Amino acid sequence: MILVCCGAGVWVIQFGMNVISADIENQLRDHPQIKEHVGEIQTLEVDWGKSLAEDDYDIWTYDIEGSKARGEVIVESKSEDDGEVIEAATLRLSTGKTIELSFD
């Protein structure tokens, strides 16, 4: 019984993060700085280790891979009625270059 409850809890968390990740990916997909430095997004996945190490629960790290490059995106977002909204984000490329993404 405990195993079923824990399994269901993990599934709910994973499902919720998939929905949030889809919202984040949709907002990043056409972002000019992402297109310039990463290219077309091929994968965007939560880095659970880095994300859970954050003190702020609104900051999540995503591994990103595109047609030009790969790296990570550190996203600060908030939940609203119509989905997740990015408030700030930083792109850190595998080369070490860091780019503050603008959201006007």
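The values are calculated or read from the model by the stated rules, or taken from the named source; none is laboratory data. Computed from a predicted structure; not experimentally measured. Glycine gets a Cβ as well: all are built from the backbone with ideal geometry, and neighbour counts include every protein chain shown. Side chains included, ligands, DNA and RNA excluded: accessible areas come from the protein's heavy atoms. Shrake-Rupley method; radii C 1.70, N 1.55, O 1.52, S 1.80 Å.
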- line: Selection from segment 58-104 of residues open to solvent by 60 Å² or more (accessible area, probe 1.4 Å) and under 13 Å from the mean Cα position of the chain (by Cα) yields Asp58, Asp63, Glu65, Glu76, Lys78, Glu87, Arg92
- prompt: When the residues of segment 29-57 are filtered to those that are in a loop (DSSP other than H, G, I, E, B) and open to solvent by 80 Å² or more (accessible area, probe 1.4 Å), which remaining residue is nearest to Phe103 (Cα to Cα)?
  reply: Asp30
task: Enumerate the pairs (first residue in segment 39-52 and more than 10 Å from Ile64 (Cα to Cα); second residue anywhere and open to solvent by 100 Å² or more (accessible area, probe 1.4 Å) and among the acidic types (Asp, Glu)) with beta-carbon separation below 6 Å, excluding pairs fewer than 6 apart on the same chain, so at least 6 apart or on different chains.
output: none
Unique match (being touching a helix residue (DSSP H, G or I) at 6+ places or on another chain (Cβ under 9 Å) and at pLDDT below 95) among Val75, Val85: Val85
statement: With criteria (1) open to solvent by 40 Å² or more (accessible area, probe 1.4 Å); (2) modelled with pLDDT of 60 or more; (3) not hydroxyl-bearing (Ser, Thr, Tyr), Ile2 comes up short on (2)
